Ligand code: SF4
Ligand code: SF4
């Protein structure tokens with residue numbers, strides 16, 4: 001698993017160039033959607049299969065889901081925004097007291113990824 | 001004229017939202033989006049483009065399939081593995097890998113390789129409701145984005161002198177890569193937007209090291225301070241120890257996203273909200289040199 005930098009700069013291209021599958025993580029805000037569109041353009045151009053995870057779901061609006069639908073892009077899952085879990089993250093304690101909803105969505109994302117990649 | 005660059009190290013700290021808020025408070029400034037790889041400031045500032053300029057980001061090799069005899073020389077010689085065999089069985093250049101070094105052009109026995117200038121990138125001078133803005137659009141995976149940052153900063157300063165503006169406000173890129181370096185060199189001050197998380201502080205520290213090496217004065221804002229007040233205290237201690245003045249603390253608020261959905265800065269969207277008043281105080285401190 002390669003953790004790529006943000007954006008579409010040359011290190012991003014280098015990171016994804018040998019990958020078999022790309023997971024795009026975005027958030028349902030205008031900034032998120034704008035940057036997602038640029039990245040989707042790049043991945044289509046270099047013919048990489050990819051899917052999208054919407055993080056901080058519940059914030060912002062639904063434009064991102066409309067974009068995914070209109071462009072036939074697979075939604076791997078939504079991770080709901082939780083201020084309490086953001087507090088965990090701030091301490092680096094990502095594996096403590098994971099809210100049930102968030103744990104479920106990770107499980108479902110992993111399940112989908114396993115099917116896609118196999 | 002004073003140039004202020006807003007940076008965060010880590011992405012997602014709310015840097016651009018804060019830049020937009022300060023932009024709506026600065027009455028006499030030119031704005032410059034230094035995050036050329038993933039520019040977002042225009043989504044709120046809504047620039048009306050007045051000038052468009054091409055940016056030459058280097059050269060790219062192109063193989064003419066009509067002339068190529070498929071001898072394999074170029075593919076073997078390219079150190080960047082930029083030449084691959086396409087579906088037709090012929091060599092082809094991958095524009096994302098090609099560094100434009102021209103070796104293949106020199107080696108090709110039949111002169112089938114041509115080097116083209118890459119003019120895939122552009123920069124703009126625009127009007128916004130807050131004043132002039134200089135910004136750019138880079139194609140994905142393009143090179144030389146650092147040089148593009150230098151170029152648009154130069155233009156922003158020129159516009160500021162022309163408009164007799166007091167400030168140039170640069171919305172910097174995340175990270176500490178070449179674009180970040182280009183947004184720091186020669187600027188008058190760096191305003192750090194730090195999020196009170198372990199990764200936020202870690203990335204901020206690396207950025208502070210970088211900014212210090214250029215001997216540029218630093219100020220800091222802690223954003224989303226109420227996400228972890230204990231860790232906020234840790235960040236404050238770090239700032240105190242390194243003599244970085246803290247100009248303000250902003251709580252987590254969904255209003256930032258909400259105002260973004262209305263294509264407004266938070267200060268425009270809810271001018272009388274405590275966070276807007278807080279941002280006004282911050283801008284006053286920065287603009288009147290109280291720090
Ligand atoms: S110009 Fe250089 S990097 Fe580009 S394909 Fe030719 S040899 Fe490779
Ligand atoms: S060196 Fe020239 S002729 Fe040989 S494969 Fe490359 S492009 Fe074709």
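Figures for the structure shown
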{"quantity": "Subset of the stretch B:93-117 (residues that are away from ligand 2 (no atom under 16 Å from the Cβ) and under 20 Å from residue B:65 (Cβ atoms))", "calculated": "B:96"}
{"quantity": "Spans of helices (runs of 4 or more DSSP H) in the stretch B:198-291 with at least 3 residues touching a helix residue (DSSP H, G or I) at 6+ places or on another chain (Cβ under 9 Å), within 14 Å of chain A (Cβ to nearest Cβ) and closer than 30 Å to residue A:58 by Cα", "calculated": "B:198-213, B:229-241, B:255-261"}
{"quantity": "Subset tally (residues that are within 13 Å of chain A (Cβ to nearest Cβ) and either farther than 20 Å from residue A:6 by Cβ or within 16 Å of ligand 2 (Cβ to nearest atom) (or both)) for the stretch B:34-60", "calculated": "3"}
{"quantity": "Pair list, Cβ under 7 Å, 6 or more apart: the stretch B:90-112 residue away from every other protein chain (no Cβ under 14 Å) and within 22 Å of residue B:142 (Cα to Cα), other residue within 6 Å of ligand 1 (Cβ to nearest atom) and assigned to a loop (DSSP other than H, G, I, E, B)", "calculated": "B:103/B:78; B:104/B:78"}
{"quantity": "Residues of the stretch B:79-92 classified as buried (at least 18 other Cβ atoms within 10 Å of the Cβ) and within 9 Å of ligand 2 (Cβ to nearest atom), total", "calculated": "2"}
{"quantity": "Matching residues, the stretch A:86-103, being at pLDDT 90 or above and exposed (fewer than 13 other Cβ atoms within 10 Å of the Cβ)", "calculated": "A:100, A:103"}
{"quantity": "Some residue of the stretch B:106-129 being outside any strand (DSSP E or B) and near ligand 1 (Cβ under 7 Å from one of its atoms)", "calculated": "no"}
{"quantity": "Residue in the stretch B:6-29 that is away from ligand 1 (no atom under 11 Å from the Cβ), within 16 Å of residue B:136 (Cβ to Cβ) and either assigned by TED's automatic domain parsing to the domain that holds residue B:188 or not in a loop (DSSP other than H, G, I, E, B) (or both) present", "calculated": "yes"}
{"quantity": "Residue among A:69, A:87 that alone is away from chain B (no Cβ under 14 Å), assigned to a helix (DSSP H, G or I) and without any contact (Cβ under 8 Å) to a residue 12 or more places away in the chain", "calculated": "A:69"}
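The values are calculated or read from the model by the stated rules, or taken from the named source; none is laboratory data. All figures in this text were calculated on a predicted structure; none of them were measured in a lab. Heads up, the Cβs are rebuilt from the backbone with ideal geometry, glycines too, and the neighbour counts pull from every protein chain shown.
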